[in-house]
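All remarks here apply to the structure that follows.
Derivation of every value follows stated rules applied to the coordinates shown; laboratory data play no part. Predicted model, so just to flag it, every value in this text is computed and none were measured. Here Cβ is always computed from backbone atoms with ideal geometry, including for glycine, and neighbour counts include all displayed protein chains.
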Amino acid sequence: MTYILIVDSQATSRQHLIHLIEQAGHCAEAVSTLAEASSMLEEAVPDLLATDVTLSDGSSAALVQRATELGAKMLMMTGNPDRITEFNGSGQPYLSKPFTPELFVKRVQEILGGGRPRGLGCRNDLD
């Protein structure tokens, strides 16, 4: 099963995105800070990291770099028009907030593609 880690500072967004991911047949966990996400990366590398660009404790740039080094795929989320322009030129997968649930699921599926999940199952299954 595919494991997706969501990083977003808004609790309602996190819960909504988890629900969408689970409906699409994947495992998902969500955290609100870079510190929490960094800690989780050391425990289990997700198949996909879906993160807001700017969080309450800083920019997710270092988190994205570390997750990429560990082999995770990325989906950046932002409502900042300047960041959207930056992502347009970089080839980095992103979503502009606000986005529809259907678009979120579609982007996740596109990014995951036919690649094989890590086979870790849900993190909860690892305990």
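I need the phi-derived Karplus couplings for segment 20-36: 6.51 cos²θ - 1.76 cosθ + 1.60, θ = phi - 60°, integer Hz, Gly and Pro marked x.
4, 5, 5, 4, 7, x, 10, 8, 9, 9, 9, 9, 10, 10, 5, 4, 5
So if we plug the beta-carbon distance of Ala44 and Phe99 into 1/(1 + (r/R0)^6) with R0 = 35 Å, what FRET efficiency do we get, rounded to 0.05? Write out the running numbers ahead of the final one.
On the way: r = 26 Å, r/R0 = 0.75.
So, using R0 = 35 Å, E works out to roughly 0.85.
Take the alpha-carbon positions of segment 24-83, form their convex hull, and give its projected area averaged over all directions (one quarter of the hull surface) in nm².
Working: hull surface 17.8 nm².
That works out to 4.5 nm².
What three numbers, in Å, describe the spread of the alpha carbons of segment 9-58 along their principal axes, ordered from the longest?
Computed over the Cα atoms, the extents are 30, 24, 13 Å.
Could you tell me the relative contact order of segment 1-114? Use alpha-carbon pairs under 8 Å, at least six residues apart, and round to a whole percent.
Numbers: 176 pairs, mean separation 25.9, N = 114.
Computed value for segment 1-114: 23 percent relative contact order.
For a footprinting-style exposure proxy, rank Ser13, Ser59 by other Cβ within 10 Å, fewest first.
Working: Ser13 17, Ser59 13.
Listing Ser13, Ser59 from fewest to most nearby Cβ atoms yields Ser59, Ser13.
Using 7 Å Cα-to-Cβ label points, what is the Ile111/Thr33 separation (nm, one decimal)?
Once both label points are built, they end up 2.3 nm from each other.
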